[in-house]
1. When only DSSP loop residues count, what trypsin sites (Lys or Arg not before Pro) in the chain have their Cβ near at most 15 other Cβ atoms within 10 Å?
2. Out of residues 5 or more away from F64 or on other chains, whose amide H comes under 5 Å of its own, with H placed 1.01 Å from N in the peptide plane?
3. Multiply the residue gap between S53 and D5 by 0.36 nm, knock off their C-alpha separation, and tell me the result in nm, one decimal place.
4. log10 I(q)/I(0), Debye, Cα-only the chain, no solvent, q = 0.19, 0.23, 0.24, 0.26 Å⁻¹?
5. Within the range 14-58, which chymotrypsin sites (Phe, Trp or Tyr not before Pro) sit in a loop by DSSP and count at most 16 neighbouring Cβ atoms inside 10 Å?
6. Could you list which residues have their amide H under 5 Å from that of V27, counting only those 5 or more apart in sequence or on another chain, with H placed in the peptide plane?
7. Straight-line reach only, C-alpha to C-alpha below 23 angstrom: list the lysines that K24 could link to, leaving out same-chain residues fewer than 8 apart.
8. Quick one: order D5, D38 from most to least accessible surface, probe 1.4 Å.
Amino acid sequence: MSFKDWTTAPTIRKVVCKHANAEKYVVTNVLTPGKEYDVKNETEEFIFIVDNSGKVGGYYKTYFE
C-alpha cells in the first residue's frame with residue numbers, strides 16, 4: 001500500500017498513547033497520553049497513526065500500549 005493512501009485506508013487496530021516524553025523529538029504537540037489513535041500501518045519499530053494534527057505520522061512503538 002502506498003503511503004499516499006494511508007489517510008483513507010481502513011484502520012488496522014486502535015492503540016492508546018501511554019506517554020509523550022520523548023528524549024530526542026517533540027511529540028507533545030501531536031500526541032496526548034491516554035488518547036486512543038487509529039493505526040493505519042505498522043512496521044517492526046514504528047506505528048503510523050492519525051495524530052492530533054489530523055495527518056498520518058510515524059512514531060516509535062514505545063509511546064503506545
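1. K18, K24, K35, K55
2. K18
3. 15.6 nm
4. After summing over all Cα pairs, the log10 values are -0.66, -0.96, -1.04, -1.21.
5. Y25
6. Correct list: A22.
7. K35, K55, K61
8. Solvent-accessible surface, decreasing: D5, D38.
The values are calculated or read from the model by the stated rules, or taken from the named source; none is laboratory data. Treat the numbers as computed from the prediction; the structure is a model and nothing was measured. Neighbour counts are summed over all protein chains in view; Cβ atoms, including those assigned to glycine, are modelled from backbone coordinates with ideal geometry. We work out accessible area using only protein heavy atoms, side chains counted, and drop any ligands, DNA or RNA first. Shrake-Rupley method; radii C 1.70, N 1.55, O 1.52, S 1.80 Å.
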